[in-house]
Amino acid sequence: MKLSQLEYARPGSVDEAIALLQANEGAKIISGGQSLIPVLAFRLSAPPLLVDIGKLEPLRQVTITAGQTRLGARVRWCEIERHTALRVAQPLLAAMIDQVAHYQIRNRGTVGGSLAHADPAAEMPGVAVVCDAVLRIAGPAGIREVPAAEFFVGPLQTVLADEEIILEVMLPAWPASRRWAFEEFARRQGDFALAGVAAHYDIDAAGLISNMHVGVIGADLIPRRLHDVEALLNGRRLDAALIEQASALAAASVNPMSDLHADAHYRKALVGTLLERVLHRSMQTQ
């Protein structure tokens, strides 16, 4: 199908973009367009104005410091793939982005677009939640910072107001000794995952797990942490019995929906299997 008739603007600054959103109720931001254009083509949305932020070069910056990594909203997946320093600074981010769709999508899709679209099966929202990311958002009232854990409120729903723009996402620094792994399962390469599990943790001086983070995508209404599983694993030493226990708890902790791709029972079991694989793999990463 073709898009409905609409107006188009290409602002030269964030302030100009926000002014356009304020002045045109229902206007939508477009950057990579990998989520928005299909929605418009199927007439699921008909905004009066598209606000193209393609000229906002500050939103394309990647900044890595000792304290954090900052990804501008317009950073594309292919730029993350090619960024050698980013793969060292945020290895879990790089591993998850490697699984995003196909190379054509990775050439256009952006960090901010994925976060704003908020598909519960998408990798970037999962990265943001499991890595304790914070989003910087600009709007008429100024700039605010929102933890990723509070940003997603439902499938394709966030706390982002209609006249606000995501500027960047900030990820805490990644210790070199941290252990981590990611696994997802899709029907075909490049499809959205039926479920995905990511985990990272540190090992303390006694050789025990600390700061355990376990995140799930595709198996709940929003990407989220499994805090019960984290509590089970913290302060323990990984072995086969503990991994089996954590796997069963993970499967019981998610509340997936059934659809034409997989029913809820299958997705729950899949989460348990993926966590088992993730924990085994994490023992080999550092």
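The values are calculated or read from the model by the stated rules, or taken from the named source; none is laboratory data. Keep in mind it's a predicted model, so treat the numbers as computed, not measured. Cβ: placed from backbone, ideal geometry, glycine included. Neighbour counts: every protein chain shown. We work out accessible area using only protein heavy atoms, side chains counted, and drop any ligands, DNA or RNA first. Shrake-Rupley method; radii C 1.70, N 1.55, O 1.52, S 1.80 Å.
For the range 199-286, trypsin sites (Lys or Arg not before Pro) meeting the loop criterion (DSSP other than H, G, I, E, B) and having at most 16 other Cβ atoms within 10 Å: Arg236, Arg237. If you plug the beta carbon distance of Arg188 and Asp15 into 1/(1 + (r/R0)^6) with R0 = 41 Å, you get a FRET efficiency near 0.45. When Rg and the Kirkwood radius Rh are both evaluated on Cα atoms of the chain, their ratio Rg/Rh stands at 0.98. For the chain, the longest principal axis of the alpha carbon atoms and the long axis of helix 264-282 meet at an angle near 70°. Carbon-plus-sulfur accessible fraction, the range 90-186 (probe radius 1.4 Å, protein heavy atoms only): 50%.
Counting charges near Val51 (Lys, Arg +1; Asp, Glu -1) among other residues having Cβ under 14 Å from its Cβ returns a value of -4.
Shape class of the range 7-103 from the alpha-carbon gyration tensor: oblate, with a/c at 1.5 or above and b/c at least as large as a/b. Extension gain for Gln284 to Ser45 (0.36 nm times residue separation, less C-alpha to C-alpha distance): 81.4 nm.
Loop-resident trypsin sites (Lys or Arg not before Pro) (DSSP state other than H, G, I, E or B) in the range 1-92 with no more than 14 further Cβ atoms inside 10 Å of their Cβ: Lys2, Arg43, Lys55.
In whole percent, and with a 1.4 Å probe on the protein chains, what portion of the accessible area of the range 1-84 is carbon and sulfur? Ligands and nucleic acids excluded, carbon and sulfur give 51 percent.
Label separation (Arg87 vs Tyr8): 3.6 nm, computed from points 7 Å beyond Cα along the C-beta direction.
Taking the Cα atoms of the range 220-274, the ratio Rg/Rh between the radius of gyration and the Kirkwood radius comes to 1.02.
Each of Met257 and Ala241 was given a label point 7 Å from its Cα along the Cα-to-Cβ line. The distance between the two points is 4.1 nm.
Extent along the principal axes, Cα only, for the range 136-267: 52, 43, 26 Å, with the longest axis given first.
Take every Cα pair under 8 Å whose residues are at least 6 apart in sequence, average their separation, divide by the length of the chain, and the relative contact order is 15 percent. The GluC sites (Glu not before Pro) of the range 1-63 meeting both criteria, a DSSP state outside H, G, I, E and B (loop) and at most 12 other C-beta atoms within 10 angstrom of the site's C-beta, are Glu25.
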